[in-house]
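The values are calculated or read from the model by the stated rules, or taken from the named source; none is laboratory data. A quick note: this is a predicted structure, and the numbers were derived from the prediction, not measured. With ideal geometry, Cβ positions are generated from the backbone for all residues, glycine too; neighbour counts draw on all protein chains shown. Accessible surface is based on the protein model in full, side chains and every heavy atom, while ligands, DNA and RNA are left aside. Shrake-Rupley method; radii C 1.70, N 1.55, O 1.52, S 1.80 Å.
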Amino acid sequence: CETPMTIGVFKPTIIFPAMWEADSGDQSCQLMLLHELIHIQHRDLIVELLGQLVIALHWFNPLSYILYHELSVMRELCCDRSLVGEWDEELRKKYSSLLFHDPEGRSSDVCSSDLRGKAGSKFSGAE
């Protein structure tokens with residue numbers, strides 16, 4: 001794998017690539033570890049397994065693939081929102097640059113706008 005990931009439904013395990021830590025700072029590793037721990041806390045691997053089961057049963061239906069993709073995107077957005085909820089702007093920018101592998105630590109307006117939680121964004125309002 002090229003990025004950290006979690007495997008296992010009954011006994012989740014977080015896997016980091018061998019060279020990943022050498023290329024990233026200590027805070028980067030902590031942020032990615034927190035991201036994966038949120039996936040475990042939300043039991044996203046069970047949702048992933050159920051989504052794969054739906055795909056297997058409805059392999060002939062294009063809508064099942066579209067819904068599976070949307071479910072995956074929503075899981076990631078929910079995880080990111082849970083993670084950055086109370087962070088300051090600087091830490092949010094650092095996290096968004098990690099998500100997009102920006103080697104210079106800059107985050108574009110597109111990358112960080114949804115993570116700010118301002119009115120009008122996808123994440124404003126009741127949770």
Per-peptide average of other Cβ atoms within 10 Å, ordering 90-99, 5-14, 42-51 highest first: 90-99, 42-51, 5-14
Using θ = phi - 60° and Karplus 6.51 cos²θ - 1.76 cosθ + 1.60, couplings along region 81-94 (whole Hz; Gly, Pro as x): 5, 4, 6, 9, x, 10, 6, 7, 4, 5, 5, 5, 5, 4
Potential extension, Met5-Leu63 segment - 0.36 nm per residue separation minus Cα distance: 18.2 nm
HN-Hα J in Hz across region 30-47 - Karplus 6.51, -1.76, 1.60, θ = phi - 60°, x for Gly and Pro: 5, 5, 5, 5, 4, 4, 5, 5, 5, 4, 5, 4, 7, 6, 5, 5, 5, 4
Carbon plus sulfur fraction of accessible area for region 27-95, probe 1.4 Å, in percent: 67 percent
Chain lengthening between Glu70 and Cys29 when straightened (0.36 nm per residue, less Cα-Cα): 12.1 nm
